[in-house]
1. Among the candidates Ala43, Ala4, which residue alone is buried (at least 18 other Cβ atoms within 10 Å of the Cβ) and either in contact with a Cys (Cβ under 7 Å, 6 or more places away or on another chain) or closer than 17 Å to Thr182 by Cβ (or both)?
2. Mind checking whether some residue in segment 56-73 is surrounded by 13 or more Cβ atoms within 10 Å (Cβ to Cβ) and touching a Gly at 6+ places or on another chain (Cβ under 6 Å)?
3. Of everything in segment 166-185, what is within 15 Å of the ligand (Cβ to nearest atom) and either assigned to a strand (DSSP E or B) or under 11 Å from the mean Cα position of the chain (by Cα) (or both)? Give them in sequence order.
4. Can you say whether Leu163 is within 15 Å of the ligand (Cβ to nearest atom) and in a loop (DSSP other than H, G, I, E, B), as far as the supplied structure shows?
5. Just to verify a result, which residue in segment 120-143, among those that are open to solvent by less than 30 Å² (accessible area, probe 1.4 Å) and part of a helix (DSSP H, G or I), is farthest from the ligand (Cβ to nearest atom)?
6. Of all the residues that make up segment 1-59, how many are within 17 Å of Asp205 (Cβ to Cβ), of a type in the set (S, T, N, Q) and part of a loop (DSSP other than H, G, I, E, B)?
7. Testing Val152 on (1) open to solvent by 40 Å² or more (accessible area, probe 1.4 Å); (2) among the aliphatic types (A, V, I, L, M); (3) modelled with pLDDT of 95 or more; (4) part of a strand (DSSP E or B), one condition comes back false. Which one is that?
Amino acid sequence: MNPALVHELSHALIRHKLTLMREKDRSTSGFRRLLKEIALLMAYELTRDMPTSEFEIETPLEKTTGRVIDGKKTVLVPILRAGLGLVDGMLEVVPGARVGHIGLYRDPQTLAAVEYYFKVPEHMDERDVIVLDPMLATGHSAAAAVTRLKAVRPRSIRFACLLAAPEGLAHFHGVHPEVPVTTCAIDRELNDHGYILPGLGDAGDRIFGTK
Ligand code: URA
């Protein structure tokens, strides 16, 4: 892991909501609502250094200039399917953002990540990508998604998750040492099945109520 490029969010509201989400008896609707609220808070951090340009306006009293963000330059790219859970909350803060999608599955024989879906906007060289997945567990799909996205040459790329495992951060930064990671918490470890401990279980199942 590259500690300089791992940003662990410490806001009390994020910690509070994350603790509630981890509880095993939290309902699907409650889990989803909390995830949306956390995503909104994460978007504040992720957009902190976004480029702004000067913009002329007229107040009721006089003409002046301010700074505005061009939201269309941001592309949220959820990794299917759990990454979808972070999109709505972020769009509340950056409503003009574009949304790409990437779908990957693990080949059972080779264990390599295989792409089954990929769609991003045109002119990626002018856009800043935020790759979304609630769980950075082994880091394999995150690293594969970023490798694929680098091929379309975005202006910048960063990765955002709710929970990261130390093993996943090490793998991810082994492959992409320069890509910043924003996470709400770094948990203890992975178990033998690749789940994060203490974690929150299977994020996709909890978002979509499939278990
Ligand atoms: N994916 C999940 O949804 N949960 C984990 O703990 C690890 C990977």
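The values are calculated or read from the model by the stated rules, or taken from the named source; none is laboratory data. It should be emphasised that the depicted structure is a prediction, and the values quoted were computed from it without experimental measurement. So basically every Cβ, Gly included, is an ideal-geometry build from the backbone, and we count neighbours across all protein chains shown. Side chains included, ligands, DNA and RNA excluded: accessible areas come from the protein's heavy atoms. Shrake-Rupley method; radii C 1.70, N 1.55, O 1.52, S 1.80 Å.
1. That would be Ala43, the only listed residue that is buried (at least 18 other Cβ atoms within 10 Å of the Cβ) and either in contact with a Cys (Cβ under 7 Å, 6 or more places away or on another chain) or closer than 17 Å to Thr182 by Cβ (or both).
2. There is at least one residue in segment 56-73 that is surrounded by 13 or more Cβ atoms within 10 Å (Cβ to Cβ) and touching a Gly at 6+ places or on another chain (Cβ under 6 Å).
3. Residues satisfying the conditions are Thr183, Cys184, Ala185.
4. For Leu163, the condition - within 15 Å of the ligand (Cβ to nearest atom) and in a loop (DSSP other than H, G, I, E, B) - is not met.
5. By that ranking, first place goes to Met124.
6. 1
7. With respect to (1) open to solvent by 40 Å² or more (accessible area, probe 1.4 Å); (2) among the aliphatic types (A, V, I, L, M); (3) modelled with pLDDT of 95 or more; (4) part of a strand (DSSP E or B), Val152 is out only on (4).
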